[in-house]
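Here is the structure we will look at.
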Amino acid sequence: MNEEAIHFHELIHVIQWRLLGPEGFLVAYANGLDEFGYENSPLEKMAYDAEASFKRSSAIFDAGKFVAERLGSLL
C-alpha cells in the first residue's frame, strides 16, 4: 500500500469522526468491530471502499460527500 492511499484511508476516518462526533464515532467503530470483526466493520469497510475508489480514479474524489452518503445509509 502506498503512503498516499494510507493517508486517504485515514482521512476517511477523520471525516467519519467529524460527522459522527467523537462519542458517535467511537461507539460505531467499537460496535462494528465487535459485531462484524475488522474486515467487515462498517466504518473500516467504508474507508477501504473509498481508498479503492481513490486509487482507481484520477478524478477529484469528494471524500466528505462519500462519507456523508454512506453514513446516511448506515444510520
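The values are calculated or read from the model by the stated rules, or taken from the named source; none is laboratory data. Worth saying up front: this structure is predicted, and the values here are computed from it rather than measured. Reconstructed Cβ throughout: ideal geometry from the backbone, glycine too, with neighbour counts over all protein chains shown.
Among the residues of the stretch 41-60, how many are farther than 12 Å from residue 11 by Cα and at pLDDT below 95?
9
Quick grid of which residues meet (1) of a type in the set (Asp, Glu); (2) more than 18 Å from residue 4 (Cα to Cα); (3) within 14 Å of the chain's Cα centre (by Cα):
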site	(1), (2), (3)
26	no, yes, yes
29	no, yes, yes
33	no, yes, yes
42	no, yes, yes
47	no, no, yes
52	no, no, yes
58	no, no, no
61	no, no, yes
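Would you kindly identify the helices (runs of 4 or more DSSP H) lying entirely within the chain that contain at least 2 residues that are of a type in the set (Asp, Glu) and surrounded by fewer than 14 Cβ atoms within 10 Å (Cβ to Cβ)?
Qualifying helices (runs of 4 or more DSSP H): 3-40.
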